[in-house]
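Take a look at the structure set out below.
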Amino acid sequence: MGYTPCPLLLMDNQQSPPHPDTRRQLQMARSMCWHCQSEVTGEYFCDRCVKVQPVSKETDYFTCLGFPRRLMLDPQKLEAKFYELSRTFHPDFYQTKSADEQTISLSNAAVLNTAYRTLRDSIQRAEYLLALETGSVKDIRTSPPADLFEEILDLQDTLEEYRASERDSEQGHRLRATLQTEQEALERRKEGMEAQLRQLFADWDKLQDAGEATSLARVERDRILKQMRDLLSNRTYVNNIVNDLAATIA
Amino acid sequence: MARIVGIDLGTTNSLVAYMKDGQPCVVPDRNGRTMVPSVVALTDNGLIVGDSAKEHLTRNPERTVYSVKRFMGKGLADVQDELVYFPYHITETGGVIRIRLGQKSYSPPQVSAMILKELKLRAEASLGESITKAVITVPAYFNDSQRQATKDAGLIAGLEVLRIINEPTAASLAYGLQQKTQGTIAVYDFGGGTFDISILKLKDGIFEVLATSGDTHLGGDDLDRVLVDLFIGDIRDRYGIDVDRYPDHMQTVRLEAERAKIRLSDELKTEITIELPEDKGRFTRELTRDQLEFLVAGIIERTLAPCRIALKDAGLTPKGIDEVVLVGGSTRMPLVRQQVEALFGKQPHCHLNPDEVVALGAAVQADILSGGTTDMLLLDVTPLSLGIETMGGVMSSLIRRNTTIPASAKEMFTTYVDGQTGVDIHILQGERELVKDNRSLAQFRLKVPPLPAGVPRIEVTFLIDANGILNVTATDMRTAKSQSIEVKPSYGLSDTEVERMIEDSFKFAAEDVTARKLIEARLDAEALIKTTDKSLVDAGHLITEEDADGIRTSLSQLSIAKNGTDPRVIRAHMAELEQTAKHLNVLMLDHSLKKSLHGKKVSEVS
């Protein structure tokens with residue numbers, strides 16, 4: 001009984017707080033140029049020796065791409081910034097530089113790509129923000145909307161029946177038609193949830209822009225985050241079922 | 001910085017290109033041919049590559065290797081079904097395919113290295129400088145093992161492979177440079193052995209790959225096989241001969257199938273002629289384009305599914321594609337063009353030479369890496385999802401397919417049993433749910449401190465570099481100490497093996513040079529024998545019988561030496577013949593001079 005493959009724990013490790021020691025180390029590394037040890041004031045490069053600086057592991061994706069923590073981001077601006085930073089960090093432009101600079105460029109480019117991929121998609125962006133604001137994203141995952149529970153159980157039965165049935169039989173056609181109707185209904189449901197989410201995104205941005213530190217603002221903040229978490233979780237659940245349905249019927 | 005060349009290491013043909021005054025250009029040989037057939041043959045004089053090796057396909061099929069790219073990064077079990085089509089002997093050692101040539105066995109990277117070396121020599125001869133650095137292209141859908149194998153081939157050939165880039169994206173660089181296009185393009189790359197589809201967004205010099213898909217075992221070779229099967233069946237019916245029992249005739253059939261396929265891209269019907277074994281005469285038949293298209297329709301159809309997947313992954317419909325670019329020799333087939341046009345709803349672009357565009361793009365990328373071109377940047381993706389085995393034999397994805405590279409992902413590991421001292425980590429690549437359906441890239445054992453179950457925290461980081469190749473590191477989160485992990489590739493050559501092969505290649509380099517010198521000496525000797533013979537006939541009456549006999553003796557000695565294997569001996573006999581025939585040659589010169597002056601007035605010659 002020696003070795004067991006057991007990748008466990010931490011469903012979402014990007015948001016997991018690093019070990020305290022590591023954190024202190026990284027922050028120190030950030031303020032001082034790794035190459036000439038002078039203080040780094042420039043954004044990505046040391047002003048004195050012009051060496052590229054590592055993007056700190058503490059930097060969140062919004063900061064990395066130079067955007068505030070908002071949920072309605074202009075995709076054009078996001079893309080333009082991503083391209084600009086790609087030109088800054090991509091390993092292609094460090095081929096003639098030192099091994100250290102190549103390593104930094106590689107890891108910076110990897111962080112940048114993850115940041116862009118996360119923020120580009122409005123749902124992933126919201127999930128990420130939620131994790132940043134509430135510290136954990138583990139229980140976002142997926143859960144069925146409460147009022148849909150019965151309906152989804154029925155649907156699972158129909159799906160099983162359809163899988164077992166003869167595709168070309170009358171029963172098969174009937175089940176297929178039922179599933180198609182269900183799929184359309186669930187898709188509308190999903191769209192409804194996405195519209196609600198967009199409203200919450202707008203609410204969030206408005207609240208942040210106002211920047212008030214009143215207790216009322218705190219209550220509003222918690223409401224938005226709570227609702228957003230529930231909606232995201234339900235939407236993912238419904239989305240999975242829709243995909244499953246589409247794959248089965250196709 | 002030393003010059004970096006771009007190399008298209010193809011299934012059927014390979015090319016080398018470089019950047020000249022801001023434009024990429026392919027290096028031709030002395031006869032102006034740009035393509036080196038990807039064929040290696042073992043002859044009595046050693047290994048030869050390219051056009052001359054191609055001649056051995058029918059003469060010496062068991063010792064002539066072609067389409068070796070299909071075996072890169074593969075185990076024997078992966079290619080079992082198609083072994084029957086290859087006349088050369090394929091085995092497996094240490095999970096890597098080996099190809100038997102005479103007394104020795106070679107891994108696919110070693111055979112590829114011979115082709116790379118030929119390209120290297122060609123570039124060195126043309127540019128007059130030593131070439132040590134290269135960008136090499138691979139099919140976009142190549143997995144980690146296949147990329148690693150390509151990198152190994154470069155190393156063995158004495159090339160530092162600065163970047164492995166994907167063929168369709170390389171093509172897009174060449175295309176983008178020449179057409180100055182903005183917008184979304186689809187690159188449909190149907191080559192000799194592989195099929196790729198890549199969808200890219202071109203904007204302000206950034207080439208962002210949105211999605212890629214393909215099949216690394218689908219190409220012109222498969223189209224040829226359909227015809228081979230047809231001809232074999234015909235011959236069996238008509239003559240009762242099983243051609244597949246005769247390797248050299250099988251090659252004749254295969255080459256004729258390939259040529260017929262190519263002819264039918266321009267013509268509506270063609271005549272097939274194949275010499276039969278055992279002097280049974282020759283097989284002839286007519287083949288029309290319609291018949292060919294009927295036979296290969298299913299294969300061409302197979303390219304469309306990856307196209308649809310790539311479109312879906314890019315979040316696009318065919319309407320969202322502004323331009324379709326064709327790459328690879330197989331896109332010359334009219335049926336392929338029709339199918340592509342039908343799928344995307346627009347006429348494909350084929351102004352660039354589909355054979356050369358990949359090498360040209362590789363040269364552009366080489367120029368970017370050396371700092372020459374600074375306004376273009378390629379953002380490529382990883383074609384296949386990367387993950388690890390979790391409980392129950394299921395693959396859990398860490399990096400999804402079509403993620404922009406470089407890309408990284410982390411996973412936390414811990415122990416399952418008290419006092420456990422290690423965990424097994426199994427890295428996989430592929431899109432399937434179950435471990436057994438995906439590609440096993442590597443397995444390694446990670447040491448953990450013996451602690452109660454669940455206490456150790458080991459963070460494993462996967463990093464895909466700009467070549468699309470995976471690197472793994474592990475950090476013990478309690479001590480923040482990083483552990484480097486030796487990842488032993490499941491289907492690749494080990495580092496020590498690659499090192500040994502590099503040494504071997506230098507050793508063989510000496511042998512190769514000897515082989516080359518021998519061939520040259522023989523050719524020169526033949527030429528000298530021929531001219532001396534002619535001189536004897538034309539001017540033999542001008543010298544004494546004694547002298548003529550001396551020349552004849554030297555001639556016959558050289559003829560014998562020519563069949564030996566030592567180029568120095570041949571050269572020595574050549575020198576001797578030149579010496580004995582010196583007088584004859586002087587007389588011969590005078591004689592021909594007088595002959596040409598005969599009948600002319602002095603004033604005309606002075």
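Observations
- Mean separation of Cα pairs under 8 Å and 6 or more residues apart, divided by the residue count, gives the range B:48-157 a relative contact order of 27 percent.
- What the Cα atoms of the range A:84-138 give is an Rg and a Dmax of 14.6, 43 Å.
- Applying 1/(1 + (r/R0)^6) with R0 = 56 Å to the Cβ-Cβ distance of residue B:21 and residue B:410 gives a FRET efficiency near 0.75.
- Only lysine pairs 8 or more places apart or on separate chains count here, and in the range A:96-250 those with Cα atoms under 29 Å apart total 6.
- Kirkwood hydrodynamic radius of chain B, from inverse mean 1/r over distinct Cα pairs, in Å: 27.4
- Rg [Å, one decimal], Dmax [Å, integer] - the range B:258-325, C-alpha atoms: 18.9, 60
- Across the range A:146-249, the fraction of Cα-Cα pairs farther apart than 21 Å, rounded to a whole number, is 49%.
- Pairwise centroid distance, computed over Cα atoms, of the range A:148-213 with the range B:356-431, Å: 33
- Principal axis extents of the C-alpha atoms in the range B:384-493 (largest first, rounded to whole Å): 38, 29, 26.
- Kirkwood's formula applied to the C-alpha pairs of the range B:115-168 gives a hydrodynamic radius of 11.6 angstrom.
- For the pair residue A:187 and residue A:100, the difference between a 0.36 nm per residue extended length and the Cα-Cα distance amounts to 26.3 nm.
- Note on the range A:60-192: the C-alpha convex hull projects to 13.1 nm² when averaged across all orientations.
- √(5λ) per eigenvalue of the Cα gyration tensor, the range A:28-120, largest first, Å: 24, 15, 10
- Spread over its residues, the convex hull of the C-alpha atoms of the range B:220-299 is 82 Å³ per residue.
- Surface/4 of the Cα convex hull for the protein assembly as shown, nm²: 51.2
- Relative contact order [Cα under 8 Å, 6+ residues apart], the range A:28-120, whole percent: 26
- Note on the range B:44-107: Cα Rg divided by 2.2 N^0.38 Å, N the number of residues, gives 1.11.
- Dividing the mean sequence gap of close Cα pairs (under 8 Å, 6+ apart) by how many residues chain B holds gives a relative contact order of 13 percent.
Every read-out reported here was derived from the displayed coordinates using simple, explicitly stated rules and does not represent laboratory data. Source: prediction; values computed, not measured. Reconstructed Cβ throughout: ideal geometry from the backbone, glycine too, with neighbour counts over all protein chains shown.
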